[in-house]
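Beneath this line is the structure, given in structure tokens, with notes to follow.
The values are calculated or read from the model by the stated rules, or taken from the named source; none is laboratory data. Bear in mind the structure is a predicted one, so any value in this text is a computation, not a measurement. Cβ atoms come from the backbone with ideal geometry, glycine included; neighbour counts cover every protein chain shown.
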Amino acid sequence: MPRRVLITGGAGFIGSHTALVLLEQGYELVVLDNFDNSSPEALERVKELTGSNSLDFVEGDVRDLDAVNRAFDCGGPIDGVIHFAGLKAVGESVADPLRYWDVNLNGSRVLAAAMEQHQCRTLVFSSTSTVYGEPEVFPLHEQMPTAPVHPYAQTKCAVEQMLGALCRSRDWRVACLRYFNPVGAHPSGRIGEDPLGIPNNLFPFITQVASGRRDKLRIFGQDYPTHDGTGIRDYLHVMDLAEAHSVTLGHLFQATAPHQLTLNIGTGYGLSVLDVVHGFEQATGLPIAYEFVERRPGDVPKLEGCPQKAKDILGWSAQRDLAQMCRDGWAWQQANPMGYRTNP
Ligand code: NAD
Ligand code: UDP
């Protein structure tokens, strides 16, 4: 019997790529999503790419226990859950912290309560490298103290703690994956990142400059203590991240004892904003116009993590390089200049 997995937020950027990888591996899926930041078209394309019909869909909010129960009750019993549904914009979390605590923490609490009711205690949770705050020592290791500096990271930290308490009190198997910066798209160009409005993040901004939808990139700060003065992050291909979820889930299904696993998921190599701009230009042959502007409030100079624990425990490491991230991200942008909206 194939394992059946509930994916909350499965229509989103990381969720849709993970759904595709899991379907290709023979899993049965139920996606719960309220389309707050995504489109049902992403799931249609996942089905089309995999040729699989083993994907059920429930439209609903993860904070709504009835909706989560509907997802549990559609089809056979659920063996495990991957919890992507949540909000992720740092600036927005500062402007509207209650919304972030509600969706990210309360949503996770409702989901965990439904999982308890259904005696499903295997969970992969989307955490973030921003839980490390403003570190000064690199690379970051999982056992280093967390010190979140904005509500977004604080909510993720709180969920990690809530899940830790569940693991200590009951027979749960939980993995908290602290992602660094996922970019790129599936190589088909059929699914990818589809930010609403002006992108907050560097990579979709660059692809939109390349396509002519934006006139130039504004680089936030040129006086950071880095090799070229621009901020450093660890960018990883979204397909590598999707594969990390499938191996994590496989690991939890094999676990014989309850436990909480916390893993950095990145390449281990930091790149500056200018490294990414020049890497994109080289990979695609397209010039990216940019100007330097003030630092963005809340940005840290550098985030770079050690992914060795994921390699030791899961045998997972990122396989795709910056050139591939750029080529695949550009293929998606070129084929879908307005994201999913104009390509029904
Ligand atoms: P995304 O916005 O593309 O996907 C999130 C999905 O959750 C969307 O489909 C959205 O419609 C859905 N959703 C939001 N609120 C919901 C609710 N209340 N009920 C049901 N569905 C809801 O974001 P993503 O980049 O795919 O991120 C997925 C997860 O990974 C998020 O929890 C995010 O915080 C985390 N994360 C993302 C990054 C990143 O850089 N993209 C980095 C670290 C962690
Ligand atoms: N960045 C930038 N211009 C943009 C968006 C981002 O210079 O339009 C920089 C930002 O200051 C940071 C890096 O790119 O150094 C990555 O930012 P992003 O928002 O993509 O990820 P995060 O800050 O969440 O790690």
Worksheet item: Can you name every residue in segment 1-31 that is touching a Gly at 6+ places or on another chain (Cβ under 6 Å) and within 6 Å of ligand 1 (Cβ to nearest atom)?
Response: G9, G15
Worksheet item: Could you say whether any residue in segment 107-122 is crowded, with 23+ Cβ neighbours inside 10 Å and among the polar types (S, T, N, Q)?
Response: yes
Discussion item. Residues that are under 16 Å from V238 (Cα atoms) and touching a Gly at 6+ places or on another chain (Cβ under 9 Å): does segment 47-64 have at least one?
Written reply: no
Discussion item. Given the condition out of contact with any Pro (no Cβ under 7 Å at 6 or more places or on another chain), more than 22 Å from G12 (Cβ to Cβ) and either part of a loop (DSSP other than H, G, I, E, B) or within 14 Å of ligand 2 (Cβ to nearest atom) (or both), answer yes or no: does some residue in segment 247-256 qualify?
Written reply: yes
Response to the item:
Out of (1) closer than 17 Å to E291 by Cα; (2) touching a Lys or Arg at 6+ places or on another chain (Cβ under 6 Å); (3) within 16 Å of ligand 1 (Cβ to nearest atom), the one N201 does not meet is (2)
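Rundown of residues vs (1) of a type outside the set (A, V, I, L, M, F, W, C); (2) at pLDDT 95 or above; (3) within 16 Å of ligand 2 (Cβ to nearest atom), yes/no style:
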| residue | (1), (2), (3) |
| --- | --- |
| K156 | yes, yes, yes |
| D171 | yes, no, no |
| C176 | no, yes, no |
| N181 | yes, yes, yes |
| H186 | yes, yes, no |
| I198 | no, no, yes |
| L202 | no, yes, yes |
Worksheet item: Across segment 269-311, which residue is nearest to ligand 1 (Cβ to nearest atom) among those that are of a type in the set (G, A, S) and touching a Lys or Arg at 6+ places or on another chain (Cβ under 9 Å)?
Response: G305
